[in-house]
Amino acid sequence: MTTRVPMFETPVKTTATHIYPFFMPSHVATPDKAARFTSEMQRRAKRDRETLLYIHIPYCLSHCLFCHCGRTTLPGGRSATEVLDEYLALLYKEMEIWARAGAVGNIRYVHVGGGTPSLLSVEQFDGLIRKLKSLFSFPQGLEINIEGEIQTLNDEAKIAAYSQLPISRISFGVQTFHEPSRRICNLRPTHADILECVDRLRKHRFAITIDLLYGLPGQDMETVEADLRETVRLKVDSLDIYRVNLYPGQFIYEKYAKSHPQMLDERLKYEMYDRIIDHMTAAGYEHLTDEIFSLPGGPYGALKEGVVRSGERRMDMIGMGAGVFSICETMCAKSSYLEDYAKQVTSGQLPLQLVYDWTEEDEHTFMAIRGLCRGFTVHKNDRFYPGFEARYREKLDRFRQHGLIAETADKLILTRSGKLWHQNMILEFLNAKHLEGMRFYENVRFAPPPTPTRPAAQV
Ligand SMILES: C[S@@+](CC[C@H](N)C(=O)[O-])C[C@H]1O[C@@H](n2cnc3c(N)ncnc32)[C@H](O)[C@@H]1O
Ligand code: SF4
């Protein structure tokens, strides 16, 4: 097979796929900023803005060593039911605050993420859905998607009862089927457990998404291909596949990257991604965003629809729970972590930690990252497009010249080569302030993006 990599001579040493670039200490949610955020959300709710409601359950049974999600393991000495009941009571207080403020628009999707939402018992899930219905207006047939984890999904009675709730789609992390990598990463379920989980969810008619990772310790091209073959064999409705985000200070980086050099070999990861696109598209999956492959007509996923497409300004996202984001056209906010979260909601305040007003430049960055690099398209009829084109003309011209983006009368599209290079394009679209914000947020360090030295081999 001829590989399309390298397109450039120098791959970057470190890339970051986390794009939460806007949070810095200066954006602390002071009372006036919190009030401004609330009144903006009220104004939008009155205009019936389409809204994705993201609900966060920040607990897991165990710690997968690569994980960068906002989560914590269940505290010892207490039952899961007790811990989750306590958390849900706080979450309900938060929901009541949003409802009293009249700040939630027209809910189009609900995504329950984590952490591990499938830790919730059937009664707890049922209670959560009832609470939502009692406070907010739900359209008929509202789609609720949840994230799960295999150890908490391998229970026939529980899944049968889940299937009686209005849950349409369950996603869960396989990460890799390769047993040695699974053991290193503290992924406890076996291959047999994964197969059982897929069978059980399918039996109860859930749409299934699995998450895979590439760049884990112990993985190489062969094991990644074996993971893809197994995924296709299982005919999951969609696949979310992530390149492992690594950064100094992270446990798995410090402990394994030195003895597993492929974890830091960016060129190998480009080659893996290239192979992933070929494999999944040849198997009939559509490549919907940088990380998502879906069978035609399959579920795109509420969260991705809301977040990725909100790059095209289609939907507001309201995050409820500890440590989550709310994003609309004009502002974004992040809620506090558990301890402060509890204090704030108990005293009747929205649990805001950080609040930020988008500038026009941020809009353009968001368009570039969410629209072009992740969702593959920027629409020229977007009201921010003229400014976007003007701001990035030099960059866009260079990307066109290198065959990374193509153009039609009404849109800019990321090409096949652009898809491979999109992580580096993302870095190019971030300004100093965004990079500063990312360092604050995730302690991510960057190598500067390389200069293209020769044109892309194939578009
Ligand atoms: C928000 S997590 C929660 C999902 C759920 N608890 C589970 O394990 O399936 C969703 C996915 O993020 C991905 N992820 C976690 N840590 C990552 C990292 N360091 N780099 C890239 N992706 C990561 C994993 O594939 C994980 O399944
Ligand atoms: S179960 Fe999911 S959220 Fe929890 S640590 Fe593992 S990957 Fe992260």
Q) Once amide H atoms are built 1.01 Å from N in the peptide plane, which residues 5 or more positions from residue 320, or in another chain, come under 5 Å H to H? A) 54, 55, 56
Q) Which ³J(HN,Hα) values in Hz, rounded to whole numbers, follow from the phi angles of the stretch 204-216 under the Karplus curve 6.51 cos²θ - 1.76 cosθ + 1.60, where θ = phi - 60° and Gly and Pro get x? A) 9, 6, 7, 6, 10, 10, 10, 9, 10, 10, 10, x, 7
Q. Going toward the positive end of the dipole of the stretch 359-442, with +1 on Lys and Arg Cβ and -1 on Asp and Glu Cβ, which of 420, 387, 376 do you reach last?
A. 420
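Convert 37 °C to kelvin, take the viscosity as 0.692 mPa s, use the Kirkwood radius over C-alpha pairs of the chain as Rh, and evaluate the Stokes-Einstein diffusion coefficient in µm²/s, rounded to a whole number. Intermediate values should be presented prior to the final figure.
On the way: Rh = 22.9 Å.
Translational D for this selection: 143 µm²/s.
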Q: Towards the positive end of the charge dipole of the chain, with charges on Cβ (+1 Lys, Arg; -1 Asp, Glu), say which of 204, 353, 231 has the farthest Cα.
A: 353
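My understanding is that a pair violates if its Cα-Cα distance is over 29 Å; which of 395/433; 235/334; 131/334; 131/380; 33/343; 131/158 do that in this structure? Display every interim value, and only then the final one.
Numbers: 395/433 19 Å; 235/334 36 Å; 131/334 23 Å; 131/380 41 Å; 33/343 19 Å; 131/158 20 Å.
Pairs exceeding 29 Å: 235/334; 131/380.
Let me have the relative contact order for the stretch 25-308, percent, based on Cα pairs under 8 Å that are six or more residues apart.
Values: 406 pairs, mean separation 47.5, N = 284.
The normalised contact order for the stretch 25-308 reaches 17 percent.
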Q | Those residues of the stretch 179-204 whose amide nitrogen sits under 19 Å from the label point placed on residue 222, 7 Å along Cα→Cβ | A | 179-184
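Throughout, read-outs are computed from the coordinates displayed, never taken from laboratory work. Everything numeric here is computed off the predicted structure, so don't read it as measured data. When we count neighbours, we look across all protein chains shown, and the Cβ atoms used for this are built from the backbone with ideal geometry, even at glycine.
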